[in-house]
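Working notes, structure below.
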Amino acid sequence: MTTAESFGFNTQHLRTDVLVVGGGTAGTMAGIKAKQANPDRDVLILEKANIRRSGAIAMGMDGVNTAVIPGNSTPEQYVREITIANDGIVNQKAVYETGRLGFAVIQELESWGVKFQKDPDGNYDLKQVHRVGKYVLPMPEGKDLKKILTRQVKRHGVQVTNRVMATRVIVQNGRAAGVVGFDVRSGDFVVIQAKAVILCTGACGRLGLPASGYLYGTYENPTNAGDGYAMAYHAGAELTNIECFQINPLIKDYNGPACAYVASPFGAYTANAEGHRFINCDYWSGQMMLEIYKELNSGNGPVHLKMYHLDDDTIAEIESILWANERPSRGRFHEGRGENYRTHGVEMNISEIGLCSGHSASGVWVNERAETTIPGLYAAGDMASVPHNYMIGAFVYGRIAGENAVDYLQSLDHLEPDPDFLAAEQARIYAPLTQPNGIPHTQVEYKLRRLVNDYLQPPKSPHKMAIGLEKFVAYTDTLSEMGARDPHELMRCNEVHFIRDCAEMAARASLYRKETRWGLYHYRLDYPDRNDAEWFCHVNLKKGDAGEMELFKRPVEPYIIDVDLKKETYDVAVR
Ligand SMILES: Cc1cc2nc3c(=O)[nH]c(=O)nc-3n(C[C@H](O)[C@H](O)[C@H](O)COP(=O)(O)OP(=O)(O)OC[C@H]3O[C@@H](n4cnc5c(N)ncnc54)[C@H](O)[C@@H]3O)c2cc1C
C-alpha cells in the first residue's frame with residue numbers, strides 16, 4: 001500500500017473546532033466570524049496557496065457588484081433582480097441574506113481600512129450597471145483588500161496553515177469530521193479533525209480550456225480547480241445547477257475580464273467590429289453572453305470594449321482603475337501589444353466554461369444558513385449555490401457559515417477517522433509519485449480540458465454531451481497514468497482529479513435538464529426553448545450509496561418576493 005512514509009514524508013495530525021478550507025474572500029470572513037462568535041473556539045484556515053495573496057481577490061478588487069445600500073436599493077429589490085437574472089431558479093431566502101447583510105459587511109470592511117468610493121457629500125458613490133437598480137460600488141483603491149483581510153484574520157486569533165491542499169472531507173457517523181490532504185511543499189500527509197468544516201474553495205476555473213490555449217490563463221483564479229465541488233460530492237453532499245455554466249467576456253489572450261461593467265458608467269460599452277452597440281446592458285448574464293455569441297458568429301465579430309470615443313481624461317480615469325487593481329498586469333499587456341484605449345478597442349473572447357455561483361449559479365447546495373446536506377459541512381462563496389453572489393455574497397455567506405458552525409458544534413466531540421478511509425485516500429493522493437516518469441499532469445489536464453471544450457461548450461448538443469460523458473468516465477484510467485516528481489506536481493495531479501469529477505458532473509447535469517435556460521449557459525440545440533412546466537426546478541446531483549452519480553429534481557422553494565417571470569425577463573439585445 002502506498003503511504004506518505006514510502007516517500008520519506010511524515011503524517012501530521014491536527015485538531016480544531018472549526019476548520020475553514022480555502023482562505024479567500026469567503027474563507028477569511030468565515031474564520032473571523034467564527035472566532036468573533038466564540039473566541040474560546042479553535043478556528044483554523046487551511047489554504048493551498050498563501051493566504052496573504054490567494055483567491056479571486058488576491059490582487060484586490062475594483063468594485064463591489066452587489067452592494068445593497070439603504071437609500072439606494074432594498075434587499076427585496078435585489079432579490080427580484082437576481083430572480084429575474086437567474087430565470088427563476090433560485091432559493092430566494094438564500095439570496096435575500098446577501099441583500100440583508102451586505103451593507104453591514106461593507107461597513108465592517110470599511111472599519112478595517114478598506115476604501116469604497118464616496119461622492120463629495122460622503123455618500124457611497126453607487127453606479128448603475130444592472131438593468132434596474134444601482135448595486136455597483138467602485139473601489140479604486142481596493143488593491144490591498146486581501147492584505148487587510150489577512151491582518152484581521154491574525155488579529156482575531158484565527159490559525160492559518162498555508163500550502164496544504166485538502167483532498168477529501170472526512171465523514172464519520174453521518175457528519176463532517178475534518179479533512180485530509182497534503183503539504184504541497186513538504187509532501188506530508190495531513191489529517192485534520194474538526195467538529196465543523198466550512199468549504200470555501202472558490203470556483204471551478206479550470207474546466208474548459210481558454211481560447212489562448214494556456215492552462216492557467218483562465219478567467220477565474222486558476223488555483224481553484226473545482227476542489228470543493230469534488231470534495232463535497234465525495235462527502236455525499238448535494239450539488240445544484242451544475243448545468244448552468246459560467247461563461248464570461250474575456251480579454252483575448254489575457255486571463256481577465258474586459259470590464260465593460262467597470263467602464264460603462266464612464267460611457268464605454270461593448271461593441272461589434274463596426275463599433276456599434278448590440279447589447280444595452282453590460283452587466284453579465286446568460287442572455288448577454290448569448291447575444292455576444294450570436295454577434296461573434298454573425299460576421300460582425302470580433303467584439304470589443306469601446307472607449308476610443310471618450311475624452312482623454314475619462315480614459316485616463318478608467319486606466320487608473322483597471323491597471324492598478326485586480327489585474328495589475330493589464331496595462332503592461334496592452335503596452336506590449338502596442339494597444340492604446342484611445343485608438344484601440346479591447347478585443348474580447350467568450351471565456352472557457354467554468355462552474356461558479358458567484359457569477360452564475362452552479363454550486364454545492366446550501367440553504368440560507370450556509371448548511372450543505374451533510375451535517376457539520378458548510379459551504380460559502382463561489383462554490384456554494386447562492387447565485388450571482390460575487391464578492392459581497394462570499395463575505396456574507398462566509399459570515400453566516402462561520403457563525404452557524406460555532407453554534408452547531410457546541411456539544412460535539414471529535415470523531416476518529418476510519419483508518420481504511422485514510423489508507424485509501426493516502427494511496428490515491430500519492431499514486432503519481434510511484435511513477436515519476438508517468439504522463440505529465442500538464443498533458444493529462446490539457447487533453448481533458450480540450451475534451452470539455454469539444455463536447456460541453458454551449459450550445460450543447462445531446463450527442464456531443466453523451467460522447468463527452470463517456471470520455472470523462474473513461475478518463476479515470478488516464479488519470480492513473482499521471483506521474484509526479486515532487487509535491488508541487490502532486491498538487492497539480494490531484495487538481496486534475498477534481499477537474500475530471502466536475503466535467504462528469506457538468507455533462508450529466510446538462511444531459512438531465514432537457515430545455516434551454518439562462519441564455520448561453522445552458523443552451524441546448526435539441527431543446528431550444530424554456531420549459532417551465534417540467535423544469536421549473538433545481539437539477540441536483542449527489543453520490544448514491546453504490547457510488548454512482550444520482551440526478552434528481554429539487555423543487556424551487558415558494559418565493560418570499562413576488563416576481564412575474566412571464567412579464568419580467570433579462571433581454572439585453574439591441575434590435
Ligand atoms: C476576474 C474576476 C473579477 C471579479 N470581479 C469582481 C468585481 O468587480 N466585483 C465583485 O463583487 N466580484 C468580482 N468577482 C467575484 C469575486 O471575486 C468572487 O465571487 C469571490 O472573491 C469568491 O470568493 P471565494 O472565497 O468563494 O473564492 P476565492 O476568493 O477564490 O478563494 C478560494 C480559496 O480557496 C483556496 N483553495 C482552493 N482549493 C483548495 C484546497 N483544495 N485546499 C485548500 N485551499 C484551497 C484557493 O487557493 C483560494 O485562496 C470577480 C472574480 C474574478 C475571478
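The values are calculated or read from the model by the stated rules, or taken from the named source; none is laboratory data. Everything numeric here is computed off the predicted structure, so don't read it as measured data. Cβ sites come from the backbone with ideal geometry, for glycine too, and all protein chains shown count toward neighbours. Heavy atoms of the whole protein, side chains included, go into the accessibility calculation; ligands, DNA and RNA do not. Shrake-Rupley method; radii C 1.70, N 1.55, O 1.52, S 1.80 Å.
Could you tell me how many of the residues in the stretch 211-249 are touching a residue at least 40 places away in the same chain (Cβ under 8 Å) and under 20 Å from residue 60 (Cβ atoms)?
Looking only at that region, the number is 7.
From the list 566, 543, 514, exactly one residue is modelled with pLDDT under 95, out of contact with any Cys (no Cβ under 8 Å at 6 or more places or on another chain) and open to solvent by 20 Å² or more (accessible area, probe 1.4 Å). Which is it? Don't jump to the end; show me each part of the working.
Numbers: 543 fails: modelled with pLDDT under 95; 514 fails: modelled with pLDDT under 95.
Exactly one of 566, 543, 514 is modelled with pLDDT under 95, out of contact with any Cys (no Cβ under 8 Å at 6 or more places or on another chain) and open to solvent by 20 Å² or more (accessible area, probe 1.4 Å), namely 566.
With the condition being away from the ligand (no atom under 14 Å from the Cβ), under 30 Å from residue 498 (Cα atoms) and modelled with pLDDT under 95, I'd like the helices (runs of 4 or more DSSP H) fully within the stretch 234-348 carrying at least 1 qualifying residues.
286-296
Just wondering, is there one or more residues in the stretch 114-131 that are at pLDDT 95 or above, surrounded by fewer than 17 Cβ atoms within 10 Å (Cβ to Cβ) and under 25 Å from residue 403 (Cα atoms)?
So far as the stretch 114-131 goes, no, none of its residues is at pLDDT 95 or above, surrounded by fewer than 17 Cβ atoms within 10 Å (Cβ to Cβ) and under 25 Å from residue 403 (Cα atoms).
Name the single residue that is farthest from the ligand (Cβ to nearest atom) among those in the stretch 48-61 being open to solvent by 10 Å² or more (accessible area, probe 1.4 Å) and more than 14 Å from residue 163 (Cβ to Cβ).
So, considering only residues that are open to solvent by 10 Å² or more (accessible area, probe 1.4 Å) and more than 14 Å from residue 163 (Cβ to Cβ), the one farthest from the ligand (Cβ to nearest atom) is 59.
Quick one: would you say residue 390 is under 23 Å from residue 284 (Cβ atoms), within 11 Å of the ligand (Cβ to nearest atom), out of contact with any strand residue (DSSP E or B) (no Cβ under 6 Å at 6 or more places or on another chain) and open to solvent by less than 30 Å² (accessible area, probe 1.4 Å)?
Yes; evaluated as a whole, the condition is true for this residue.
Can you tell me which residue is nearest to the chain's Cα centre (by Cα) among those in the stretch 153-174 that are farther than 21 Å from residue 9 by Cβ and buried (at least 19 other Cβ atoms within 10 Å of the Cβ)?
Residue satisfying both the conditions and the ranking: 169.
Just the residues that are in a loop (DSSP other than H, G, I, E, B), touching a residue at least 60 places away in the same chain (Cβ under 8 Å) and of a type in the set (Asp, Glu), please, taken from the stretch 33-82.
So in the stretch 33-82, the residues in a loop (DSSP other than H, G, I, E, B) come out as 38-42, 48-50, 54-62, 65-74.
Of the ones still in play, those that are also touching a residue at least 60 places away in the same chain (Cβ under 8 Å) are 38-39, 41-42, 48-50, 54-62, 65-69, 72-73.
Once the filter is applied, which keeps residues that are in a loop (DSSP other than H, G, I, E, B), touching a residue at least 60 places away in the same chain (Cβ under 8 Å) and of a type in the set (Asp, Glu), the stretch 33-82 yields 42, 62.
List every residue pair whose Cβ atoms lie under 6 Å apart, where the two residues are 6 or more positions apart in sequence or sit on different chains, the first residue falls within the stretch 494-506 and is in contact (Cβ under 8 Å) with a residue 60 or more places away in the chain and open to solvent by less than 10 Å² (accessible area, probe 1.4 Å), and the second residue, located anywhere, is part of a helix (DSSP H, G or I) and of a type in the set (Ser, Thr, Tyr).
Once the first residue is in contact (Cβ under 8 Å) with a residue 60 or more places away in the chain and open to solvent by less than 10 Å² (accessible area, probe 1.4 Å) and sits in the stretch 494-506, its partners that are part of a helix (DSSP H, G or I) and of a type in the set (Ser, Thr, Tyr) give 502/229.
Looking only at the stretch 4-35, count every residue that is within 18 Å of residue 380 (Cβ to Cβ), more than 8 Å from the ligand (Cβ to nearest atom) and out of contact with any Lys or Arg (no Cβ under 9 Å at 6 or more places or on another chain) and tell me the total.
Number satisfying all stated conditions: 2.
Which condition number in (1) at positive phi; (2) touching a helix residue (DSSP H, G or I) at 6+ places or on another chain (Cβ under 9 Å); (3) away from the ligand (no atom under 14 Å from the Cβ) is the one that residue 173 fails?
Evaluating residue 173 over (1) at positive phi; (2) touching a helix residue (DSSP H, G or I) at 6+ places or on another chain (Cβ under 9 Å); (3) away from the ligand (no atom under 14 Å from the Cβ) leaves (2) as the failure.
Taking the stretch 215-232 on its own, how many of its residues are part of a helix (DSSP H, G or I) and either over 16 Å from residue 370 (Cα atoms) or near the ligand (Cβ under 9 Å from one of its atoms) (or both)?
4
Would you mind stating whether residue 87 is outside any helix (DSSP H, G or I), among the acidic types (Asp, Glu), away from the ligand (no atom under 16 Å from the Cβ) and crowded, with 17+ Cβ neighbours inside 10 Å?
Values: outside any helix (DSSP H, G or I): yes; among the acidic types (Asp, Glu): yes; away from the ligand (no atom under 16 Å from the Cβ): yes; crowded, with 17+ Cβ neighbours inside 10 Å: yes.
In short, yes.
Checking residue 398 against (1) closer than 24 Å to residue 221 by Cβ; (2) in a loop (DSSP other than H, G, I, E, B): exactly one of these is not met. Which one?
Condition not satisfied by residue 398: (2).
Just to be sure I understand the filter: pairs with C-beta atoms under 7 Å, separated by 6 or more residues or on different chains, first member in the stretch 345-374 and touching a residue at least 12 places away in the same chain (Cβ under 8 Å), second member among the charged types (D, E, K, R) and open to solvent by less than 20 Å² (accessible area, probe 1.4 Å). Which pairs pass?
That search, which allows pairs on different chains as well, returns 354/220; 356/220.
Can you tell me which residue within the stretch 354-384, out of those that are among the hydroxyl-bearing types (Ser, Thr, Tyr) and over 10 Å from the mean Cα position of the chain (by Cα), is most open to solvent (accessible area, probe 1.4 Å)?
373
Here are some residues: 449, 428. Which one is at pLDDT 95 or above and open to solvent by less than 20 Å² (accessible area, probe 1.4 Å)?
Of the residues listed, the single one that is at pLDDT 95 or above and open to solvent by less than 20 Å² (accessible area, probe 1.4 Å) is 449.
Go through (1) closer than 19 Å to residue 427 by Cβ; (2) of a type in the set (A, V, I, L, M, F, W, C); (3) open to solvent by 70 Å² or more (accessible area, probe 1.4 Å) one by one and return the number of the condition residue 490 breaks.
(3)
What is the number of the single condition among (1) farther than 25 Å from residue 58 by Cα; (2) within 15 Å of the ligand (Cβ to nearest atom); (3) not aliphatic (A, V, I, L, M) that residue 193 does not meet?
Result: residue 193 passes all but (2).
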